[in-house]
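The values are calculated or read from the model by the stated rules, or taken from the named source; none is laboratory data. Worth saying up front: this structure is predicted, and the values here are computed from it rather than measured. In this analysis, Cβ positions are derived from the backbone assuming ideal geometry, glycine residues included, and neighbour counts consider all displayed protein chains. Ligands, DNA and RNA are excluded from the accessible area calculation, which covers all protein heavy atoms including side chains. Shrake-Rupley method; radii C 1.70, N 1.55, O 1.52, S 1.80 Å.
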Amino acid sequence: MKIAVEGCMHGDLDGVYKTLQYIERQRGIKVDLLLCCGDFQAVRNERDLESLNVPRKYRAMNSFWKYFSGEEVAPVPTIFIGGNHEASNYLWELYYGGWAAPNIYFLGFAGVVKFGNIRIGGLSGIYNARHYRLGHYERPPYNEETIRSVYHVREYDVYKLMQVEEPIDIFLSHDWPLGITDYGNSKKLIQQKPFFEKEIFQRTLGNKAAAQLLGELKPAYWFSAHLHCQFAASVEHGEGGPVTNFLALDKCLPGRKFLQIVDIESEPGPHEILYDEEWLAITRKFHSVFPLTTKSADFGAVQLDMQECQQLVRSRLQERGARPFEFERTVPCHNPSQSSPNGSPALPRNPQTESLLQLLELPYLLDLTSESRDPISSPASMIYRGSLGADSEEIPIDDIDELEEHAEDNVETEDEYLLNAALNDDKNQFPLSLRVSCFQQLLSLIISVQDSPESFMETRVFTLNHLIFLVIFLAHVVASSAQLSFGFYAASCPAAESIVRNTVRSASSSDPTIPGKLLRLLFHDCFVEGCDASVLIRGNGTEQNDPANTSLGGFSVIDSAKRVLELFCPGTVSCADIIALAARDAVELTGGPAVQIPTGRKDGRVSAASNVRPNIVDTSFTINEMIKLFSSKGLSLADLVALSGAHTIGAAHCSAFSDRFQADSKGKFTLIDSSLDKNYAEELMRRCPAGASPSITVNNDPETSLSFDNQYYRNLLLHKGLFQSDSVLVKDNRTREKVENFANDQDSFFASWAQSFLKLSVVEVKTGNAGEVRQSCSLING
C-alpha cells in the first residue's frame, strides 16, 4: 500500500492533490491514501472563518469549500487531524470523527480507524499544560480566549487513546512528541531552524501527551507537522523492542518538503476507511464521563465493562457494516458570486455524529450550552496571575506561522537585548545565550504569551518586567554555586545530558518504579555531604550502610549512564551531575515540569554512615524538626512544602510508616494515628500486616503513583498522606495554605517545584579542587 503523508495543509487542497497527481504520473504509481497532519482548515463558508484562529488579514477561503460543495472531489481517500489553525466550529460537529467532505475523513479530536488492515490513530490539536486537564468547555461563537483554547489537547482524549491495546500501525499528531529530537539529527534541525535550539536545550519543544502516547502505543510510524520543517527520527522502545519511525513534514509551499510517500505492507485492495471496533468500544465506555465543562473527567466513575462494550459494538457493526455514516452538509456552501452571510457560526447537529451515537446507544452532548452545563468561571481566571489573560502553548515557539510571517519584527534580537540589560552582571559565569535559555525555561513554566502577534509584543514586555525577580533568583543560585554553569559540558561532552536522559528513559520503560527511586536518591545524596555522589560509594561504613539508605534504588541507572559517558567522554562527567540530571529527567518523564539545572559538580571523597542520621528527614519528624533540617541546607519553608511533593511518585517499605499503627497481643495492627483516613489506614494494614516481608512496598501516592502531579497534595487534604511527616503539613497553619494552593493549582506547584528543585540540586556542591570526577561512581579514585 502506498500512503502519502502531508504536513500542514492550510486549506490548499488543490495544491496538494495536484502535486500528488504529478508524482503519480512521473513515477507511474497509484497512491492509495493521503494523510494530513493538521492545520487542515476545513472552511466551508465565510462564517467558518470566524472560528479560525488566524489574524483577520490572513483569513481566506482557500480551496476546501470546493470539495465540501462537490465542485471538486478528492482524487484519493484522505484522512486528517486537527491542528491549531482550524475551523473549530466544524470540527466540533465531528468530534468523534466523520466525513468532512466526500472522500475526506476527519479522525476526530482523538480517534482510530482502519484502512484495509492498516490501523491509523490520531490526536488533534496541540498541547497546553494549563488546559490539558480541563474539559471541552468551549462552544461557538468563540471569544478571544476560547478560539485559542478549543484546539488544546485534553487529558480525556489522551486517556482514551492510552486504553488502546491492539497494535497501531500509523499515528498522527500535529505537534511533535516531546523529546523526539533526541532520536534524530537535532544538529541539522538547529542549522535549519536556529530558534529551535533553546527549546531543544530546555526540553520544551513538543507535546508531553504525545510523548506518553508514543511510549504506550509504540506505532510503527508516527507523522507530525506544526513546525514547518522536515525531521526524521527512529525510536527504539527498549533494547531489542519495537521501533517507531517518526517523520515531520512542512506545509505546502514551493521548495518545501511537505509530502512523503511510504510503502507499507498490507492485504490486497481495494481499501476503504472503516470504523475500528476497539476504538468505538472505548468511546462507548468513557462517554459517561465526557467532560464538557472546565472540570476534568472523573475516570474512576466509569462503570461499563470493556468486554461488554466490545460485544455491543461488534454486534452492531455486524448488523450494519463498519463503513462510516454518509457525508451530509449541515451549512450553506461558500458561493464566490454572492455576498457572505451575516451572523455567528451556527452549531448544528451533524447527522453523522447523531447516527454514530445512536449506533453506540449514547446520548448527544455536543450542543450543551452554558445554561445546561456547570457554571464556568471566566477563562481569564484560569490563566496564571500576571499574564494579563494571555494564552500560550507549551512550547514558546507555539505558532510557527506567526514567526515566519513576522520575521521582520526580529523578536529574538529584541528579547536578547532586554535580557542582556537585565542580566548584565559580571558574577554570572555562563554565556548570554545560555542565560536566555534559563530565563525562558522559567518563563515557560510560569507565564504565557498571546497567540496573536499584536498581543504577543505587549505581553512580552510586561512579563519581562513583572518576572525579572526570577532572573535575579536564577543568577543568584548559579553565582552562589561557584563554578557551576548551565551547559557546563557543551564543549567537553555535548551529548552528556542526552545520554543521561536516554538512560533514564530506557530504564523507566522496563521498570516504571525507576523515576521515584532516582528522585529519592538525589535527596539522600544532597542532604548528606551535599550533592557530591557520596551516597554512591560502596564499602564498609559508607552512607549506604545506614538503615535509612539500605532501601535506596536506582544505582544501576547511574552506573549505566556513567559507563556510556566514560566511553564518549572519559573522565569528564561527574557522578554527582549524573544523579542530579537523572532526577531532573525522572520528574519530566513522569509528567512533571522540565527544569534547567546547572552542572559542573565534583564528586566527594567522603562517605560515612555516621553522617546520615543527623542529615536525613525521618518519616516520623515533626514540622519543626523538618524546618530545622531544611534550613540547615539553605532551604526555606516554601521549599519544604514544594519538595515534599516528590512523594507524588515512588513507593515506600512498610517499616517507613509502621509508627502510625500498633500491634496488639495477637500481632494484629490497629490504627493509633487519628490524622489518617480510616479507610486508607485499613488498606495500608491489609497491604502491610504485622510480620509482613521487608520487601513489600506501598505507593506513596495511592491514586496516581506513576505520574508526577499535584495529587499528593489532594491526598493530604483527604488525610491520605502515607507518612507522619506528610500529614503534619496539613495540620500546621504555616504550611496548610501552601498545601491547599498546590492541591488546587498544579501549575503553581510545578512553578514552585522548579525553583525549589534548582536550589536542592546545588546544596553544598563541590567544585574545582574540592572534589574529583570518579572513574567509577561506586569507588573513590586511586
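Please determine, by comparing only the residues of the range 179-196 that are open to solvent by 10 Å² or more (accessible area, probe 1.4 Å) and in contact (Cβ under 8 Å) with a residue 60 or more places away in the chain, which one is nearest to residue 226 (Cα to Cα). Filtering first and then ranking leaves 195. When the strands (runs of 3 or more DSSP E) confined to the range 640-693 are screened for residues that are surrounded by 15 or more Cβ atoms within 10 Å (Cβ to Cβ) and in contact (Cβ under 8 Å) with a residue 24 or more places away in the chain, those reaching at least 3 such residues are found at 651-653.
Scanning the range 182-216 for residues that are assigned to a helix (DSSP H, G or I) and closer than 20 Å to residue 38 by Cα yields 208, 209, 210, 211, 212, 213, 214.
Within the range 601-610, identify whether any single residue is within 30 Å of residue 509 (Cβ to Cβ) and open to solvent by less than 50 Å² (accessible area, probe 1.4 Å), and answer yes or no. Within the range 601-610, one or more residues are within 30 Å of residue 509 (Cβ to Cβ) and open to solvent by less than 50 Å² (accessible area, probe 1.4 Å). Could you please find all residues in the range 72-119 being more than 23 Å from residue 150 (Cβ to Cβ) and charged (D, E, K, R)? Passing the criteria: 72, 114, 119. Screening residue 478 against (1) modelled with pLDDT of 85 or more; (2) among the aliphatic types (A, V, I, L, M); (3) crowded, with 17+ Cβ neighbours inside 10 Å leaves a single unmet condition, (1). Going by the structure shown, is residue 230 over 16 Å from the mean Cα position of the chain (by Cα), over 16 Å from residue 38 (Cα atoms), modelled with pLDDT under 95 and surrounded by fewer than 24 Cβ atoms within 10 Å (Cβ to Cβ)? Answer is no for this residue. If the condition is being within 24 Å of residue 508 (Cα to Cα), of a type in the set (S, T, N, Q) and assigned to a helix (DSSP H, G or I), then the range 702-734 contributes only 711.
Any residue at all in the range 621-631 that is crowded, with 22+ Cβ neighbours inside 10 Å and charged (D, E, K, R)? No, the range 621-631 contains no residue that is crowded, with 22+ Cβ neighbours inside 10 Å and charged (D, E, K, R). Scanning the range 109-129 for residues that are charged (D, E, K, R) and over 9 Å from residue 171 (Cα atoms) turns up just one, 114. Report yes if some residue within the range 296-305 is modelled with pLDDT under 95, touching a Gly at 6+ places or on another chain (Cβ under 8 Å) and of a type outside the set (D, E, K, R); otherwise report no. Yes; the residues of the range 296-305 include at least one that is modelled with pLDDT under 95, touching a Gly at 6+ places or on another chain (Cβ under 8 Å) and of a type outside the set (D, E, K, R). Name the residue, out of 591, 539, 571, that is in contact with a helix residue (DSSP H, G or I) (Cβ under 7 Å, 6 or more places away or on another chain), open to solvent by 10 Å² or more (accessible area, probe 1.4 Å) and assigned to a loop (DSSP other than H, G, I, E, B). After applying the criteria, what remains is 591. Of the residues in the range 753-771, how many are surrounded by 20 or more Cβ atoms within 10 Å (Cβ to Cβ) and out of contact with any Leu (no Cβ under 9 Å at 6 or more places or on another chain)? Of the residues in the range 753-771, 2 are surrounded by 20 or more Cβ atoms within 10 Å (Cβ to Cβ) and out of contact with any Leu (no Cβ under 9 Å at 6 or more places or on another chain). Count of the range 29-69 residues, restricted to those that are over 17 Å from residue 124 (Cα atoms), free of Cβ contacts under 8 Å to residues at least 60 places away in the same chain and not hydrophobic (A, V, I, L, M, F, W, C), is 8. Restricting the first member to the range 242-256 and to residues that are over 28 Å from residue 510 (Cβ atoms), and the second to residues that are open to solvent by 30 Å² or more (accessible area, probe 1.4 Å) and small (Gly, Ala, Ser), no beta-carbon pair is closer than 7 Å while six or more apart or on different chains.
For the condition in contact with a His (Cβ under 8 Å, 6 or more places away or on another chain), of a type outside the set (Ser, Thr, Tyr) and surrounded by fewer than 20 Cβ atoms within 10 Å (Cβ to Cβ), what is the one hit in 215, 255, 269, 238? The conditions single out 215.
Could you figure out which of (1) open to solvent by less than 10 Å² (accessible area, probe 1.4 Å); (2) without any contact (Cβ under 8 Å) to a residue 24 or more places away in the chain isn't true of residue 86? The failed condition is (2).
Can you pull out the residues in the range 570-586 that are under 28 Å from the mean Cα position of the chain (by Cα) and among the small types (Gly, Ala, Ser)? Listed by number, the residues that qualify are 576, 580, 582, 583, 586. Considering only the range 67-116, how many residues are outside any strand (DSSP E or B) and over 21 Å from residue 348 (Cβ atoms)? Total satisfying the criteria: 13. Is one or more of the residues making up the range 279-289 surrounded by fewer than 19 Cβ atoms within 10 Å (Cβ to Cβ), touching a residue at least 12 places away in the same chain (Cβ under 8 Å) and part of a loop (DSSP other than H, G, I, E, B)? No: zero hits.
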